[in-house]
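Heads up, the thing below is written out as C-alpha cells.
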Amino acid sequence: MKKGLLFDLDGTLVDTAEDIRCAINHVMRLTYNREITKDECLRVVGRGLRNAMKGALALSGAYYPDDEINILYSELISYYSSHPSDHSHPYPGITEFLKLMSERGYALGILSNKSDILVQEIVKKLFGDINFSFVRGFC
C-alpha cells in the first residue's frame, strides 16, 4: 500500500498573503476604504476570500448589504484570478521537502478551499516539477 501526504495550499505550502492582500486592496480602493497592511491581512484570512474581504472592510468600519458584497466579491475574484501568484512563494524548505517525500515514494496531494482553477495555476507555477497525485480546490 502506498502512503500519501495531503496538504493545504495557503499558509501551509505557500505564502499567498501578499497576493490576497493585493486583491483585497483592489476592492478597498474601489470602495474608497483604506488599504490593509500585511498584518491586517493575516488577521482576516483563513475562512475563505469572501470572509477575508468582509473582515478587511470591517477594519475600516465599512459594512455593505449582501447584494453589494456579492458584487465586491466578484470584483475581488476577477482581480485575484488575473494575479494569483505575482508575489506568492513556497515557504523555505517546502519544495525540497516535497521532492524528498516524492522520492521516498509518498503520493502527494493538495486540497484547498480556493477555487480549483486558481489552485491548479498556482501549483503549476510554483511546483511545476513536482508530481502531485491529487490537486483540487473547492470554491
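Summary table below
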quantity: Neighbours by Cβ (under 7 Å, 6+ apart or cross-chain): first from the range 109-133, touching a residue at least 24 places away in the same chain (Cβ under 8 Å); second part of a strand (DSSP E or B) and charged (D, E, K, R); calculated: Leu111/Arg136; Ser112/Asp10; Lys114/Asp10; Val119/Arg136
quantity: Leu30 being of a type outside the set (Gly, Ala, Ser), over 30 Å from Gly128 (Cβ atoms), open to solvent by 50 Å² or more (accessible area, probe 1.4 Å) and touching a residue at least 24 places away in the same chain (Cβ under 8 Å); calculated: yes
quantity: Meets criteria (more than 30 Å from Leu108 (Cβ to Cβ), of a type in the set (Phe, Trp, Tyr) and surrounded by fewer than 17 Cβ atoms within 10 Å (Cβ to Cβ)) for Tyr91; calculated: no
quantity: Options Ile77, Ile122; residue that is in contact with a helix residue (DSSP H, G or I) (Cβ under 8 Å, 6 or more places away or on another chain) and closer than 19 Å to Leu9 by Cα; calculated: Ile77
quantity: Search result, residues across the range 50-95 that are among the polar types (S, T, N, Q) and either more than 16 Å from Leu126 (Cβ to Cβ) or part of a strand (DSSP E or B) (or both); calculated: Asn51, Ser60, Asn70, Ser74, Ser78, Ser81, Ser82
quantity: The listed residue being at pLDDT 95 or above and either over 13 Å from Leu5 (Cα atoms) or open to solvent by 80 Å² or more (accessible area, probe 1.4 Å) (or both), out of Leu118, Leu76; calculated: Leu76
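The values are calculated or read from the model by the stated rules, or taken from the named source; none is laboratory data. Note that the coordinates shown come from a computational prediction; the quantities given were computed from them, not determined experimentally. All Cβ positions, glycine included, derive from the backbone under ideal geometry; neighbour counts span all protein chains shown. Side chains included, ligands, DNA and RNA excluded: accessible areas come from the protein's heavy atoms. Shrake-Rupley method; radii C 1.70, N 1.55, O 1.52, S 1.80 Å.
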